[in-house]
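**Q** Dumping the structure here so I can ask a few things about it.
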Amino acid sequence: MVFDPKMYQFLVGVFASLGSLLYGYDLGVIAQVISAKAFISKFNPTDNELGAVVSVFTGGAFFGAAFGGPMGDYLGRRMTIMVGALVFCLGGALQTGAQGLSYLYAGRLIAGVGVGILVMIIPLYQAELAHPSIRGRITALQQFMLGVGALAAAWISYGVDIGFAPDNNGQWRTSLGIQVIPAVFLAALIMIFPESPRWLISKGKVENGLRNLAKLHAHGDETDPWVQAEYQQIQDAITFDREHEAGSYLELFKDKSCFRRLFLACALQASVQMTGVSAIQYYSVTIYGKMGIKDSDALKYQAISSILALIGQFLCICFIDRLGRRWPLIFGNLTNCATFIISTIMLAVFPPGTINNNSAAWGFIVITWLYNFSFSSTCGPLSWIIPAEIFDTKTRSKGVSIATMVSFAFNTMIGQVTKPAMEAAGWKFYLLFVICNLTNAIFFYCFLPETAKRPLEEMNHLFTHAPLWVPGMDKRDWVPGTDLERRVEEVAAKQGSVSHAE
């Protein structure tokens, strides 16, 4: 069966995003693991030790993202994905067979390193394979598969919690062991998929690069006008990169165009964590408990939230290339802001645990579901889509690596401060996220240009010459794809004249 080229690109993107599934699954399953009666009975952990079990994972991911940048440039995109999956397998095995907390710490740290490598390199790999017209929906698979992982974790957690006796270690080892399975498939099969043509061409492997470009976009026809035009554009862009663009991390900060893109990518990743995505999810579980809902039911309500998130992520895949990047991000943050205003008022008027506040608490749960849907259909996917597409070939791996490190750093920070901040400040802590969502929307309205449907090789021109104050841009001067369309017409005309001469 011969797939349509865009469908083939999409399927390659789906398989690669198994690495994102690992991230979502691990984040979702650890709450059930550390609350399992068999786990507590075996390890008898303190609150600080439980906190370390959770946070060491994102700490490892921070360093994994740092390693992933140079690995992606040196080893290639596929090999880096394979290394990340293998590292995750080792970490998952250590967690599953843990005989003491030290084993669990080590396993969580190593698995975090693997996930950091994967979530950094996967959207980059997807963006470099995809046609500009569908690049958004393919890179949005990162967040969608993260949601699939979280959903699987929620229902598996619910199943093992009620399926194993409280003194059976299978209650927590089973859910930890399952996460290794997709990592094994990813590591075993990723090398049969095509390497990024852009990486191959940048390394001087131009014949292989052209072959993969044709395989991805024209059923292997290397003479296809679009393939030839894209090939020429990539070569020209890489030649320009070598002469003018960053070849090291230091130069990434020195070049104005590169720094503009790096700043926007890092600001985006930080802004996503400051929407309150981690804080509201952490605190919603506390509210479940204060409402008197038992652990198994709390896990069920979390699973419902995961389903709503998945629906939002699916809608993003369907519409992100039609709607663009800029306005969904702006309106997503404004919607998040509105949900936090409502939830802050609820927490202020009806504090959790007070008498007769069940209706308000249930209202808060519904608002968290609405927030999760809003976040999952806009800010979450766009935090992976935009950084993966704005950099040049030579800077992409380094830039995405730094932006991903920022994401994990802010994730860890929010995870650590949320509980003590809520205890000290109560509902006032949520004002932070009201303000941040509003300022996020204003910032991206002012400074983020539209990148949808623009070939990757045209990003340099956009971020070098477009004004910093984006609302003042004349859209007629920045129509995406004009250079590529011109090249396609020239190639087609040249091939037509040759055919006519023959």
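The values are calculated or read from the model by the stated rules, or taken from the named source; none is laboratory data. Owing to the predicted nature of the structure, the values given are computational and were not obtained by experimental measurement. Here the Cβ is made from the backbone with ideal geometry for all residues, glycine too, and neighbour counts use every protein chain on show. These accessible areas exclude ligands, DNA and RNA; they are computed on the full protein's heavy atoms, side chains included. Shrake-Rupley method; radii C 1.70, N 1.55, O 1.52, S 1.80 Å.
**Q** Within the group Tyr125, Tyr105, which residue is open to solvent by 10 Å² or more (accessible area, probe 1.4 Å) and hydroxyl-bearing (Ser, Thr, Tyr)?
**A** Tyr105
**Q** Restricting to region 229-246, what's the tally of residues that are open to solvent by 40 Å² or more (accessible area, probe 1.4 Å) and not hydroxyl-bearing (Ser, Thr, Tyr)?
**A** Summing the residues that are open to solvent by 40 Å² or more (accessible area, probe 1.4 Å) and not hydroxyl-bearing (Ser, Thr, Tyr) in region 229-246 gives 7.
**Q** Quickly run through region 433-462 and pick out the residues that are open to solvent by less than 10 Å² (accessible area, probe 1.4 Å) and charged (D, E, K, R).
**A** Answer for region 433-462, where residues must be open to solvent by less than 10 Å² (accessible area, probe 1.4 Å) and charged (D, E, K, R): there is none.
**Q** State all residues of region 384-427 that are open to solvent by 10 Å² or more (accessible area, probe 1.4 Å) and either of a type in the set (Phe, Trp, Tyr) or on the phi > 0 side of the Ramachandran plot (or both); if no residue qualifies, say none.
**A** Trp384, Phe410, Gly426, Trp427, listed by residue number.
**Q** Given the conditions (1) closer than 29 Å to Thr378 by Cα; (2) polar (S, T, N, Q); (3) part of a loop (DSSP other than H, G, I, E, B), and given that Gln269 satisfies all but one, which numbered condition is not satisfied?
**A** (3)
Results for (1) assigned to a helix (DSSP H, G or I); (2) among the basic types (Lys, Arg); (3) modelled with pLDDT of 95 or more; (4) not assigned by the TED database to the domain that holds Asn460, shown as yes or no for each residue.
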| residue | (1), (2), (3), (4) |
| --- | --- |
| Gly209 | yes, no, yes, yes |
| Leu213 | yes, no, yes, yes |
| Gln235 | yes, no, no, yes |
| Phe263 | yes, no, yes, no |
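**Q** Right, something else. I'd like to check something: does region 54-61 contain any residue that is in contact (Cβ under 8 Å) with a residue 12 or more places away in the chain and closer than 30 Å to Thr451 by Cα?
**A** yes
**Q** Right, next: Hey, could you check region 18-74 for residues that are acidic (Asp, Glu) and open to solvent by less than 40 Å² (accessible area, probe 1.4 Å) and say which is nearest to the chain's Cα centre (by Cα)?
**A** Per the criteria, the residue is Asp26.
**Q** (1) touching a Ser or Thr at 6+ places or on another chain (Cβ under 8 Å); (2) in contact (Cβ under 8 Å) with a residue 24 or more places away in the chain: which one isn't true of Leu462, the others all being true?
**A** (2) is the only condition that Leu462 fails.
**Q** Quick one: Ala246 ticks every box in (1) in a helix (DSSP H, G or I); (2) at pLDDT below 95; (3) in contact with a Phe, Trp or Tyr (Cβ under 9 Å, 6 or more places away or on another chain) bar one, so which box is it?
**A** (1)
**Q** Taking the condition touching a residue at least 24 places away in the same chain (Cβ under 8 Å) and either in a helix (DSSP H, G or I) or open to solvent by 30 Å² or more (accessible area, probe 1.4 Å) (or both), does Gly149 pass?
**A** Yes; evaluated as a whole, the condition is true for this residue.
**Q** Given the conditions (1) assigned by the TED database to the domain that holds Tyr125; (2) open to solvent by less than 10 Å² (accessible area, probe 1.4 Å); (3) under 29 Å from the mean Cα position of the chain (by Cα), report the number of the one that Thr174 does not fulfil.
**A** (2)
**Q** Also, I was wondering about something else. Restrict the check to region 177-200 and report whether at least one residue is at pLDDT 95 or above, among the hydroxyl-bearing types (Ser, Thr, Tyr) and either in the same structural domain as Ser306 (by the TED database) or open to solvent by less than 10 Å² (accessible area, probe 1.4 Å) (or both).
**A** Within region 177-200, one or more residues are at pLDDT 95 or above, among the hydroxyl-bearing types (Ser, Thr, Tyr) and either in the same structural domain as Ser306 (by the TED database) or open to solvent by less than 10 Å² (accessible area, probe 1.4 Å) (or both).
**Q** Please determine whether any residue of region 463-477 is buried (at least 19 other Cβ atoms within 10 Å of the Cβ) and closer than 19 Å to Leu329 by Cα.
**A** yes
**Q** From the list Gly204, Gly177, which residue is of a type in the set (Gly, Ala, Ser) and in a helix (DSSP H, G or I)? If you could, list the steps in order and put the result at the bottom.
**A** Details: Gly204 fails: in a helix (DSSP H, G or I).
The conditions single out Gly177.
**Q** Consider Ile367 against the criteria (1) open to solvent by less than 10 Å² (accessible area, probe 1.4 Å); (2) of a type outside the set (Ser, Thr, Tyr); (3) closer than 21 Å to Tyr301 by Cβ: it satisfies all of them except one. Which criterion is unmet?
**A** Every condition holds for Ile367 apart from (1).
**Q** Only one of (1) assigned by the TED database to the domain that holds Arg78; (2) in contact with a Phe, Trp or Tyr (Cβ under 8 Å, 6 or more places away or on another chain) is not met by Phe164, so which one is it?
**A** Answer for Phe164: the failing condition is (2).
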